[in-house]
Amino acid sequence: MFNFYGLYILFAREVWRFLKVSIQTILTPVITVLLYLLIFSSVISRSREMLPGVDYLTFLVPGLMVMAMLQNAFANSSSSLFQARMNGNVIFILLAPISDFEFYLAFVGAAVVRGLLVGLGVWLAAGYFVWVPLRHPLSALLLIFFCCGSLGALGLVSAIIADKWDHISAFQNFVIVPFSFLSGVFFSIADLPSFWRQASHFNPFFFLVDGFRYTCLGVSEVSLSQSLGVAAGFFILSSVWALGLLNRGYNLRS
């Protein structure tokens, strides 16, 4: 039987864990994005159009929101599970009457909540520079779920595979950060040389950024349906990988 109460307790624990240090987990990422906006608003003319009818700052905000959500969703699940492994606390979760799927739902659900709060904070704070509308809120919420859920699942994967904190940092610094920076957050892929423009279509983060930008601005470089399809596929693959490791008990039950 599905243990709803156990799932709720574990999910609430994970949410409360990052809310207790909200200055570090929510406020700091928002301030970091504000620094990006402050710098770019000073050095790049707002009159420059990145997409038809969209100036640079307006173009930039949705991408920065997605980048912040991606990085914080990953950080939430990876740091929590790996810390539990290092402290030996994960055994108490494994001994509880909670299935692998419920374990996955609690950690990924908390990652989604943290990503959503960070994204909301960035959106509100960015309003000081430029107000970005939300034209398609339901599609935006779906993309946020895929975005944060995928990175929450990858956070679990990295926390299970890693043997020390350096491995977590390496995964974030050499995979998550480069892929998010090269996903069209700061530039339109139409401005890239042909090879790199085509290579961008193999980066799932690009579809998350571009799809979310469409839900805000109504313009994008690929269709919304294509972005949603890639985002859903990325979420499924990440989740299957995480659930497979949890089911095997890899590095958890040994």
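A short reminder: the numbers here are calculations on the coordinates, not readings from a lab. Only a predicted model underlies this, so the values are computations on that prediction, with no experimental measurement involved. Neighbour counts are summed over all protein chains in view; Cβ atoms, including those assigned to glycine, are modelled from backbone coordinates with ideal geometry.
Using a Gaussian network for the chain with springs between C-alpha atoms less than 10 Å apart, which of these wobbles most: ALA140, ALA170, ALA106? Highest fluctuation among the options: ALA170.
Dividing the mean sequence gap of close Cα pairs (under 8 Å, 6+ apart) by how many residues the stretch 19-84 holds gives a relative contact order of 26 percent.
Stretched out fully, how many nm does the piece from VAL130 to SER188 gain, at 0.36 nm a residue minus the Cα gap? The partial results should precede the final answer.
Values: separation 58, 0.36 × 58 = 20.88 nm, distance 1.89 nm.
Roughly 19.0 nm would be gained on extension.
Per-residue ellipticity at 222 nm from helix content only, as computed over the chain with -39500 (n - 2.57) for each DSSP H run of at least four residues, stands at -23500 deg cm²/dmol.
Each label was represented as a point 7 Å from its Cα along the Cα-to-Cβ direction; for SER225 and HIS201 these points are 1.7 nm apart.
Between ASP163 and ASN87, 0.36 nm times their residue separation minus their Cα-Cα distance comes to what?
Here the answer is 26.1 nm.
Stretching PHE2 away from PHE174 to a fully extended chain increases their span by 58.2 nm, per 0.36 nm per residue minus the current alpha-carbon distance.
Counting only C-alpha contacts under 8 Å and six or more residues apart, can you give the relative contact order of the stretch 68-142 as a whole percent? It comes to 49 percent, rounded to a whole number. Find the relative contact order for the stretch 160-246 and round it to a whole percent, using C-alpha pairs within less than 8 Å whose residues are 6+ positions apart. Relative contact order for the stretch 160-246 comes out at 21 percent.
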